[in-house]
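S.K.: Take a look at this one; I'll ask things after.
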Amino acid sequence: MAREDNRGNRRDRDETPEFADRLVAINRVSKTVKGGKRFGFAALVVVGDQKGRVGFGKGKAKEVPEAIRKATEQAKRQLIRVPLREGRTLHHDVQGRHGAGKVIMRTAPQGTGIIAGGPMRAVFEMLGVQDVVAKSTGSQNPYNMIRATIDGLTKEASPRSVAQRRGKKVADILRKPEAEAAPAETAEAAEA
C-alpha cells in the first residue's frame with residue numbers, strides 16, 4: 001500500500017505546472033444504438049512549456065473534462081523540442097505537411113507578433129514563439145493543421161546543429177554570401 005502511495009507522489013512531482021495547455025477543438029460524436037443515441041466527446045489539446053517544447057494530443061471520453069484530461073496526458077508524452085532564434089522566432093522559413101494539411105511558417109522581425117490562424121496560433125503560443133508569420137494553404141481540419149505545423153517544426157534546425165553535423169564552425173554557417181562575393185570583386189579590381 002505504501003509503495004503505491006510513493007509511486008503516486010512521484011508521478012505528482014513529475015507533472016510540474018511548467019506546462020501550459022490550450023484546448024484547440026472539441027467535437028461531439030454520437031453512436032446510434034438500439035435504445036437511441038449515445039454521445040461522446042473528442043478533444044484536441046496543445047501543450048507546451050513556452051520555452052521551445054510543444055506537443056499535441058487527442059482524447060475521447062463520455063464527458064468533456066475526461067476527454068481533455070486524456071488529450072493533455074497524451075500531449076505531454078509527445079513533446080518535441082524546437083530550436084528558437086533569440087527565444088522569440090524561428091531560425092529559417094519552413095513548410096510542413098500532413099495529409100491535405102499544408103502550412104508555411106516564416107521568421108519575422110521583433111514586434112511582428114504571431115500572425116497565424118486558429119490551431120497554428122495555439123501551437124506557437126505554447127511553443128513560446130513571439131514573432132512568426134504563418135499561413136495554412138491546405139486542409140482547414142484542426143487535426144491536420146496541427147500535425148502539419150508540428151511536421152514543419154521538426155524540420156527546424158539551428159545553426160549550431162547544422163555546423164555540428166557538417167563539421168564546421170557556426171560563424172562559417174552564418175556567413176553571408178555577399179560578404180564572400182565582395183572580397184572577390186576587390187581582388188579583381190586590384191588586378192586591373
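S.K.: For the range 115-138, which positions are hydrophobic (A, V, I, L, M, F, W, C) and over 13 Å from the mean Cα position of the chain (by Cα)? First the steps, then the outcome.
M.R.: At the first step, the residues of the range 115-138 found to be hydrophobic (A, V, I, L, M, F, W, C) are 115-116, 120, 122-124, 126-127, 129, 132-134.
The answer is 115, 133.
S.K.: Then there is this: Please indicate, with yes or no, whether at least one residue in the range 40-56 is farther than 18 Å from residue 144 by Cβ, open to solvent by 70 Å² or more (accessible area, probe 1.4 Å) and in contact with a helix residue (DSSP H, G or I) (Cβ under 7 Å, 6 or more places away or on another chain). Steps first, answer last, please.
M.R.: Filtering the range 40-56 down to residues farther than 18 Å from residue 144 by Cβ leaves 40-41, 47-53.
Applying the additional criterion that residues be open to solvent by 70 Å² or more (accessible area, probe 1.4 Å) yields 50-51.
Going one step further and asking which of them are in contact with a helix residue (DSSP H, G or I) (Cβ under 7 Å, 6 or more places away or on another chain), we end up with 50.
There is at least one residue in the range 40-56 that is farther than 18 Å from residue 144 by Cβ, open to solvent by 70 Å² or more (accessible area, probe 1.4 Å) and in contact with a helix residue (DSSP H, G or I) (Cβ under 7 Å, 6 or more places away or on another chain).
S.K.: Which condition does residue 167 not pass, out of (1) in contact (Cβ under 8 Å) with a residue 40 or more places away in the chain; (2) on the phi > 0 side of the Ramachandran plot, if it passes all the others?
M.R.: So the condition that residue 167 fails would be (1).
S.K.: Moving to a separate point now. Please give the helices (runs of 4 or more DSSP H) falling wholly within the range 77-175 in which 3 or more residues are crowded, with 19+ Cβ neighbours inside 10 Å. Give the derivation first.
M.R.: Values: elements: 118-127, 142-154, 159-166, 170-174.
Where helices (runs of 4 or more DSSP H) fall fully within the range 77-175 and carry at least 3 residues being crowded, with 19+ Cβ neighbours inside 10 Å, they are 118-127, 142-154.
S.K.: In this structure, is residue 62 closer than 21 Å to residue 148 by Cα and surrounded by fewer than 20 Cβ atoms within 10 Å (Cβ to Cβ)? Full working, then the answer.
M.R.: Numbers: closer than 21 Å to residue 148 by Cα: no; surrounded by fewer than 20 Cβ atoms within 10 Å (Cβ to Cβ): yes.
No; evaluated as a whole, the condition is false for this residue.
S.K.: Please identify the pairs in which a residue from the range 119-144 that is more than 17 Å from residue 94 (Cβ to Cβ) and without any contact (Cβ under 8 Å) to a residue 24 or more places away in the chain has its Cβ atom under 9 Å from the Cβ atom of a residue that is assigned to a loop (DSSP other than H, G, I, E, B) and open to solvent by 10 Å² or more (accessible area, probe 1.4 Å), counting only partners at least 6 apart or on another chain.
M.R.: 140/117
S.K.: Can you report the number of residues in the range 17-31 which are open to solvent by 60 Å² or more (accessible area, probe 1.4 Å) and in contact with a Lys or Arg (Cβ under 8 Å, 6 or more places away or on another chain)?
M.R.: Pass one, the range 17-31, residues open to solvent by 60 Å² or more (accessible area, probe 1.4 Å): 17-18, 21-23, 26-31.
The next check asks that each one be in contact with a Lys or Arg (Cβ under 8 Å, 6 or more places away or on another chain); those that pass are 29-31.
So the answer is 3.
The values are calculated or read from the model by the stated rules, or taken from the named source; none is laboratory data. Computed from a predicted structure; not experimentally measured. Cβ atoms come from the backbone with ideal geometry, glycine included; neighbour counts cover every protein chain shown. With ligands, DNA and RNA removed, areas are computed over all heavy atoms of the protein, side chains included. Shrake-Rupley method; radii C 1.70, N 1.55, O 1.52, S 1.80 Å.
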